[in-house]
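Below is one structure, written out as structure tokens; the observations come after it.
Derivation of every value follows stated rules applied to the coordinates shown; laboratory data play no part. Predicted model, so just to flag it, every value in this text is computed and none were measured. Cβ atoms come from the backbone with ideal geometry, glycine included; neighbour counts cover every protein chain shown.
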Amino acid sequence: MPEESLEGGEGLRRGGGRSVKENLSKNAEGTVPENGPIKPVRPIPPEVLRSLPDAEGRFGPYGGRFVPETLMAALEELEDAVRRIVPSPGFQAKLAALLQEYVGRPTPLTYAARLSEAYGVSIYLKREDLAHTGAHKINNALGQALLAREMGKSRLIAETGAGQHGVATATAAALLGMRCTIFMGEEDMARQALNVFRMRLLGAEVVAVRHGTRTLKEAVNEALRHWSAHVDETFYVLGSAVGPHPYPLLVRTLQRVIGDEARAQSLSLLGRLPEAVVASVGGGSNAIGIFYPFLSDPVRLIGVEAAGEGIESGRHAAPLSAGSVGVLHGARTFLLQDDVGHIRPAHSVSAGLDYPGVGPEHAWLKDVGRAEYVAVRDEEALEALKDLSRLEGILPALESAHALAYVKKAAASLTGPVIVSLSGRGDKDVETVARRLGAVLGGADDPAARGAVGGPPER
């Protein structure tokens with residue numbers, strides 16, 4: 001399959017651009033003012049939400065289905081299954097039982113007392129890091145794998161960046177007795193070697209993608225190519241709320257359990273809704289999952305992209321903050337692209353945010369002003385990771401640390417309780433963090449490691 005058929009031709013891709021305590025107060029220069037203007041919340045009527053995506057899979061001007069003919073039949077078959085099987089009582093009962101008994105849902109909403117004191121705002125963590133496999137990805141992977149079995153498919157394929165979706169898909173395949181192949185960029189395999197081994201231990205074949213940037217974009221391309229040649233027995237478990245219709249709808253449907261739980265838990269624990277919900281945004285599945293049940297409520301929704309080395313440097317992964325509209329992987333959305341529509345490489349310390357596009361529903365939410373999208377730098381995310389680890393004993397994924405970093409920067413403009421989606425745990429990122437902080441792992445008492453993380457927090 002030619003690459004342009006996956007990313008859209010040049011004509012398709014072109015488009016118009018569109019108080020912290022003293023010991024924690026020294027932030028790196030970022031892209032979001034700590035005391036920026038608060039945008040008014042514009043709740044979306046439920047009847048509008050029910051109408052999206054439309055019959056063509058669009059959220060306003062975004063989304064759709066820009067794919068070669070070889071994939072149309074498979075996508076139409078999937079759309080029929082999403083409309084017919086997923087809402088059925090039988091499917092919902094099977095999925096609910098698996099989420100409760102196997103995944104460990106509901107995940108708790110935890111008050112981060114010491115972090116709240118340090119940042120100067122009440123912070124509640126939606127603990128997706130406590131779900132089986134260590135991240136929110138299992139909600140989607142298990143749901144899609146169950147759907148695949150109901151459709152009579154015998155084999156799962158998936159792409160992965162940070163490895164969490166690959167691990168989740170391999171886990172679901174093992175549970176349901178299905179064959180599994182994971183496509184992963186060679187650079188991401190090096191960054192996430194532990195997750196590569198976990199996938200293989202779970203019985204999955206892991207295929208290295210060695211062309212292009214050797215990261216998530218190329219892994220998606222390779223998975224789509226493979227699917228087009230093996231549609232009869234193969235189900236593509238797409239890992240984020242991106243891609244051609246009906247994937248953004250399907251992924252949001254399976255991930256909204258995060259927000260449904262968080263909303264109910266907030267009302268139960270606090271007697272009210274939060275002032276704001278904050279989540280990291282790469283492709284956008286954890287963010288749309290927690291945002292969606294709050295869209296009709298007067299609650300600020302803040303998505304945090306990866307500013308990488310800074311927006312002005314060009315080395316970032318922030319298409320909503322600094323991209324333009326085009327077509328990538330079968331959907332129209334905001335992208336990182338040059339003036340002639342060629343996709344630019346994305347950069348982030350977090351492999352899970354290292355993607356040059358974003359889900360089309362997020363693009364629409366940005367356009368209508370219902371959600372705010374901001375970006376924080378690599379070093380800010382690293383500092384937030386250290387903060388949560390040392391103050392709460394919780395090691396967050398680098399993806400989640402971006403959301404925490406924004407709360408740290410913007411604490412003065414947040415007056416009520418804030419829910420942060422802790423999308424995953426940070427075990428997978430320890431080697432990356434150690435390298436970035438200049439530590440060498442393996443010594444019994446490594447002075448470099450001690451110096452890199454700093455002294456103990458104040459007690």
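Structural remarks
- Full extension of the segment from LEU437 to ARG272, taken as 0.36 nm per residue of separation minus the current Cα-Cα distance, would add 55.4 nm.
- Mean silhouette area of the chain, derived from the convex hull of its C-alpha atoms and averaged over all directions, reads 20.4 nm².
- Mean Cα-pair separation over length for the stretch 280-387, i.e. relative contact order, pairs under 8 Å, 6 or more apart, %: 33 percent
- Debye equation applied to the C-alpha atoms of the stretch 195-317, log10 I(q)/I(0) at 0.10, 0.11, 0.22, 0.23 Å⁻¹: -0.46, -0.55, -1.27, -1.30
- Neighbour-limited loop hits for GluC sites (Glu not before Pro), the stretch 183-253 (at most 12 other Cβ within 10 Å; DSSP other than H, G, I, E, B): GLU233
- Peptides ranked, highest mean first, by Cβ atoms within 10 Å: ranges 297-303, 286-292, 420-426: 286-292, 420-426, 297-303
- Based on C-alpha pairs under 8 angstrom that are at least 6 apart in sequence, the stretch 225-306 has a relative contact order of 30 percent.
- With the charge dipole of the chain set up from +1 on Lys and Arg Cβ and -1 on Asp and Glu Cβ about the Cα centre, the Cα lying farthest toward the positive end among the listed residues ALA381, THR110, THR169 is that of THR110.
- Trypsin sites (Lys or Arg not before Pro) within the stretch 145-243: DSSP coil, no more than 16 neighbouring Cβ in 10 Å: ARG210
- When +1 charges are put on Lys and Arg Cβ atoms and -1 charges on Asp and Glu Cβ atoms, the dipole computed for the stretch 56-186 relative to its Cα centre reaches about 320 debye.
- Burial ranking of peptide ranges 364-370, 375-381 (average Cβ count within 10 Å, highest at the top): 375-381, 364-370
- If only the Cβ of Lys and Arg carry +1 and only the Cβ of Asp and Glu carry -1, the dipole of the chain around its Cα centre is close to 840 debye.
- The charge dipole of the stretch 115-155, taken about its Cα centre with unit charges on the Cβ atoms of Lys, Arg (+1), Asp and Glu (-1) only, comes to about 340 debye.
- Amide H contacts under 5 Å for GLN337, placed H, 5+ residues apart: SER324, ARG344
- Sequentially through the stretch 364-371, phi angles give Karplus couplings (6.51, -1.76, 1.60; θ = phi - 60°) of 5, 4, 5, 4, 7, x, 7, 10 Hz, Gly and Pro residues having no value and appearing as x.
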